[in-house]
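The values are calculated or read from the model by the stated rules, or taken from the named source; none is laboratory data. Since we're looking at a predicted model, the values are computed, not measured. In this analysis, Cβ positions are derived from the backbone assuming ideal geometry, glycine residues included, and neighbour counts consider all displayed protein chains. For the accessible areas, the whole protein counts, side chains as well, though only heavy atoms, and no ligand, DNA or RNA atoms are used. Shrake-Rupley method; radii C 1.70, N 1.55, O 1.52, S 1.80 Å.
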Amino acid sequence: MTNSDAGAAALPKNPALSDTGPLVDEKLVLWYFLASLAYVFIAMMAGFLFSLQFLQTYPFEGSEFWSPGRWRFVHTQGVAYGFIANAFLGALHWAVPRLTMHRVLSTKLSWFIFFAWQAILLATVAGVLSGQAQALEWGETPVWIDPVAQLGLILVAFNFLTPIFKTKGPMYVTLWYFIAAFIWTPLVYAMGNFLPEYVIGGSAAGAIGGLFIHDLVGLFVTPLGWGLMYYFVPIILKKPIWSHGLSLVGFWGLAFFYPLNGIHHFLYSPIPMFLQYGAVIATIAVELVVTTVIINFFGTIIGRGDTLRTVLPIRWFYVGMIFYFTTCLQCAFQVTLTFQKIIHFTDWVVGHAHLVMFGVFGFWILGILTHLLPRVMKASGWYRPRWNEWHFWLTGIGMLVMFFDLMIAGLIQGFAWRDLAPWEDTITSSVPFWQLRTITGTMIIIGQMLFMANVVLTWKYMRVPYEHPAPTPTPTPQDEGGAAPAVA
Amino acid sequence: MFESKAGVLLVGGLGFFVLAFVVMALIPMTIYYGEPEKTIDDLAQDGILHEFTQLAERFPEQFGKHYGEVNYKSYGEALELGHKLYVGEGCWHCHSQYIRPVSNEDRRWGPRSYAWEYQNVLQRPVLFGTRRVGPDLIREGARKSNDWHIAHFYKPTSVVPVSVMPEYKWFFDEEGYPNKKGMAMITYIQWLGSWRQEYPYWNGEGPTTQEPTPTPDETTVARTNDSVDHESTIDGHGGAG
């Protein structure tokens with residue numbers, strides 16, 4: 001039983017807490033979350049399928065539609081734009097109006113964006129499965145969809161920036177991150193999807209491609225993720241963020257150094273070497289910045305450490321943060337030219353990417369879903385809180401083992417390649433690691449299925465009908481900590 | 001500034017993004033500015049691959065149906081379609097297309113990559129790649145015969161039993177001859193690296209300037225040799241190809 005369950009269970013007694021009237025469109029939040037769950041399942045199944053190719057057991061061998069390479073696109077695109085983007089949009093619709101006490105620009109627009117975004121996603125899946133991918137990592141969306149997606153991102157920015165700019169006085173940390181993210185995301189998308197395709201070719205386009213891969217994580221996912229952490233953690237813990245100064249350092253450090261990292265994805269490539277050095281140094285600087293953010297959050301939880309045990313969302317968040325620190329620490333080393341010689345092109349990088357995208361942001365999202373889903377479903381609590389525990393442990397252990405598994409596989413591959421072992425031998429020696437990878441992936445998928453079953457059953461059995469109370473005025477957010485009206 | 005809307009929006013959001021864009025994108029763009037980018041026609045005019053002609057000789061009927069005659073136009077068409085398939089099937093998620101000056105890669109595959117090699121439309125967007133499940137392909141041209149590729153694309157395990165590469169049965173027609181896609185794919189693969197004077201390259205045996213491949217017990221030698229001076233990656237473009 002977790003705190004969030006307890007909070008939700010208390011719901012019928014005090015329904016006003018969950019019902020902020022027209023300020024937050026909770027139905028929209030719910031729909032975004034359900035879409036997110038659907039896509040993460042599709043993406044995970046696609047990843048699982050692709051992993052079978054590595055075990056020579058691909059079930060649809062030789063079928064054009066099931067071409068493993070195409071399903072790999074579904075895996076990455078589904079995670080980035082289906083799972084993460086949908087969940088973030090849902091959480092933004094929950095958090096931004098509460099933080100600003102203003103509605104988004106237009107509820108109609110919000111719903112339009114919701115359906116447009118799902119249409120874009122379906123078109124992307126159809127496009128890559130029919131072999132129309134764009135040769136841009138994390139941007140494989142077929143070229144004809146790019147302008148529409150670009151427009152969607154601009155609309156999202158306007159929709160959320162309007163309430164933020166209506167507020168007066170100082171802003172809470174979360175809103176710094178959100179403002180920056182709403183500016184960065186459309187810019188990054190435009191830069192990555194249009195420049196290398198239409199304006200510039202060759203190695204310079206490689207530099208831009210690297211920048212895009214990196215900025216998508218760093219300037220879209222990361223600021224929204226941290227912004228949401230700065231929002232949810234103090235609310236659930238019922239205490240303010242530890243140090244305002246560190247929040248400042250963290251935000252501005254990220255804003256300055258993160259965009260400068262891009263070229264580190266193509267070290268030792270024909271891109272000029274002095275730029276590669278620059279990217280390496282900026283990457284190491286990011287690691288220092290990240291440390292301050294982590295210290296800030298661990299300072300915040302001091303005194304409430306018991307919540308790691310008792311409050312499942314907090315556990316998701318903090319384990320995600322530990323993984324965040326791990327990836328960033330790993331990054332500070334792997335970005336050096338010494339490490340690059342061995343680990344580049346190997347499974348090490350695959351492990352790193354999984355830990356960042358799923359171990360960190362995926363975990364935060366799952367924590368937010370665990371926290372909010374019963375509320376937006378107007379349920380009195382989770383149908384089976386225990387299943388959520390299983391969800392956590394299966395996912396957590398699966399992720400951790402997958403990470404170490406791929407890291408070791410990467411080292412073995414890297415050294416074998418350098419030592420000029422025949423390519424076949426490097427495949428044979430990777431197979432046990434690929435087997436373990438499939439097993440850990442299966443664990444994660446089973447956990448996810450449990451969670452989805454729990455959502456369905458909660459919807460079916462746990463929803464409490466109640467009278468809508470007269471809208472109660474919600475307190476204005478003062479500063480961090482007291483930020484938002486919701487109570488855990 | 002640090003907590004105001006304008007500060008976050010203009011300095012953090014816009015300003016730092018633009019700064020990074022100038023440093024990390026505009027500088028490489030200006031460095032290669034004016035470097036001509038070869039079109040498909042240019043590439044075709046560079047000379048029709050022997051392997052393309054060979055496809056026409058081996059499968060005259062099918063070739064005639066799909067491509068007509070061997071000429072610059074049909075050759076360019078095959079290259080273009082091959083590239084499209086390479087992108088669409090996600091080959092570039094399992095194969096890289098650049099050789100680094102470290103980790104003995106020049107011994108395994110041939111000379112390291114130079115910036116000028118990527119100044120053509122078939123590298124738009126550039127296909128560097130970030131993962132090698134299979135080997136690098138930028139020096140793949142003529143390393144293997146057309147027949148090898150036909151067998152390999154149809155069923156990779158028939159030539160490399162441990163291979164984890166997918167089967168591409170839809171590159172072939174009902175009778176098992178390579179179809180339009182298959183011929184395009186093979187042409188594209190055989191073209192990779194053909195722009196260099198001295199090719200093909202194969203493990204240590206090609207006309208490279210390196211010592212021959214060390215036998216396994218010489219790997220210690222390989223170890224000490226792998227620290228090629230990475231400074232030399234700074235490319236005089238069009239330079240020492």
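Within region A:317-330, can you find the residues that are open to solvent by 20 Å² or more (accessible area, probe 1.4 Å) and of a type in the set (S, T, Y)?
A:T326
Has region A:348-357 got at least one residue that is among the small types (G, A, S), in a helix (DSSP H, G or I) and within 14 Å of chain B (Cβ to nearest Cβ)?
Yes: one or more hits.
Only one of (1) open to solvent by 30 Å² or more (accessible area, probe 1.4 Å); (2) not charged (D, E, K, R); (3) not assigned by TED's automatic domain parsing to the domain that holds A:Q448 fails for A:Y268. Which number is that?
(1)
Looking at region A:291-310, can you tell me whether even one residue there is surrounded by 16 or more Cβ atoms within 10 Å (Cβ to Cβ) and within 14 Å of another protein chain (Cβ to nearest Cβ)?
no
Residue-wise test of (1) crowded, with 22+ Cβ neighbours inside 10 Å; (2) over 18 Å from A:M449 (Cα atoms); (3) in contact (Cβ under 8 Å) with a residue 24 or more places away in the chain; (4) of a type in the set (F, W, Y).
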{"position": "A:A332", "(1), (2), (3), (4)": "no, yes, yes, no"}
{"position": "A:L337", "(1), (2), (3), (4)": "no, yes, yes, no"}
{"position": "A:H344", "(1), (2), (3), (4)": "yes, yes, yes, no"}
{"position": "A:M357", "(1), (2), (3), (4)": "no, yes, yes, no"}
{"position": "A:H371", "(1), (2), (3), (4)": "yes, no, yes, no"}
{"position": "A:G381", "(1), (2), (3), (4)": "no, yes, yes, no"}
{"position": "A:I397", "(1), (2), (3), (4)": "no, no, yes, no"}
{"position": "A:V401", "(1), (2), (3), (4)": "no, yes, yes, no"}
{"position": "A:D405", "(1), (2), (3), (4)": "no, yes, yes, no"}
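Considering only region B:48-67, I want to know if a residue exists there that is outside any helix (DSSP H, G or I), surrounded by fewer than 19 Cβ atoms within 10 Å (Cβ to Cβ) and of a type outside the set (V, I, T).
No - not one qualifying residue is present in region B:48-67.
So how many residues does region B:32-47 have that are out of contact with any strand residue (DSSP E or B) (no Cβ under 7 Å at 6 or more places or on another chain), surrounded by fewer than 19 Cβ atoms within 10 Å (Cβ to Cβ) and in a loop (DSSP other than H, G, I, E, B)?
Selection size over region B:32-47: 7.
Using beta carbons and a limit of 7 Å, which pairs, at least six apart or on different chains, have the first residue in region A:119-132 and within 10 Å of another protein chain (Cβ to nearest Cβ) and the second one acidic (D, E) and part of a helix (DSSP H, G or I)?
none
Please give the helices (runs of 4 or more DSSP H) falling wholly within region A:134-236 in which 1 or more residues are modelled with pLDDT under 95, open to solvent by less than 10 Å² (accessible area, probe 1.4 Å) and in contact with an Asp or Glu (Cβ under 9 Å, 6 or more places away or on another chain).
In region A:134-236, the matching helices (runs of 4 or more DSSP H) lie at A:173-194, A:202-215.
Scan A:W176, A:W111 and give me the residue that is within 12 Å of chain B (Cβ to nearest Cβ) and aromatic (F, W, Y).
Of A:W176, A:W111, the one residue that is within 12 Å of chain B (Cβ to nearest Cβ) and aromatic (F, W, Y) is A:W176.
Of the residues that sit in region B:1-26 and are among the β-branched types (V, I, T) and buried (at least 17 other Cβ atoms within 10 Å of the Cβ), which one is farthest from the other protein chains (Cβ to nearest Cβ)?
Our first condition is that a residue be among the β-branched types (V, I, T); within region B:1-26, this holds for B:8, B:11, B:18, B:22-23.
Checking the rest, the ones that are also buried (at least 17 other Cβ atoms within 10 Å of the Cβ) come to B:8, B:11, B:23.
Numbers: B:V8: 5, B:V11: 8, B:V23: 6 Å.
Filtering region B:1-26 for residues that are among the β-branched types (V, I, T) and buried (at least 17 other Cβ atoms within 10 Å of the Cβ), the one farthest from the other protein chains (Cβ to nearest Cβ) comes out as B:V11.
Taking the condition of being outside any loop (DSSP other than H, G, I, E, B), open to solvent by less than 10 Å² (accessible area, probe 1.4 Å) and more than 7 Å from chain A (Cβ to nearest Cβ), how many residues in region B:84-104 meet it?
Result for region B:84-104: 1.
Can you spot a residue in region B:116-132 that is in contact with a Lys or Arg (Cβ under 9 Å, 6 or more places away or on another chain) and among the small types (G, A, S)?
No, the conditions are met nowhere in region B:116-132.
Which members of region B:147-202 meet the condition of being within 19 Å of the chain's Cα centre (by Cα) and at positive phi?
Within region B:147-202, B:G193 is the sole residue that qualifies.
Name the residues in region A:222-264 that are facing chain B (nearest Cβ under 10 Å), within 20 Å of the chain's Cα centre (by Cα) and not hydrophobic (A, V, I, L, M, F, W, C), would you?
A:P223, A:Y258, A:P259, A:N261, A:G262
Here are B:Y199, B:Y168: which of them is under 25 Å from B:G76 (Cβ atoms) and buried (at least 22 other Cβ atoms within 10 Å of the Cβ)?
B:Y168
The rows are residues; the columns are (1) open to solvent by 10 Å² or more (accessible area, probe 1.4 Å); (2) within 30 Å of B:I31 (Cα to Cα); (3) facing chain A (nearest Cβ under 7 Å).
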| site | (1), (2), (3) |
| --- | --- |
| B:E117 | no, yes, no |
| B:R124 | yes, yes, yes |
| B:D136 | no, yes, no |
| B:I150 | yes, no, no |
| B:P156 | no, no, no |
| B:G176 | yes, no, no |
| B:K181 | yes, no, no |
| B:L192 | no, yes, no |
| B:W195 | yes, yes, no |
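Only residues that are in contact with an Asp or Glu (Cβ under 9 Å, 6 or more places away or on another chain) and either closer than 14 Å to A:F363 by Cα or part of a helix (DSSP H, G or I) (or both): list them for region A:376-410, please.
A:V376, A:P385, A:N388, A:D405, A:L406, A:M407, A:I408, A:A409, A:G410
Can we say B:G129 is of a type in the set (G, A, S), free of Cβ contacts under 8 Å to residues at least 40 places away in the same chain and open to solvent by less than 20 Å² (accessible area, probe 1.4 Å)?
Judged against the criteria, B:G129 is a match.
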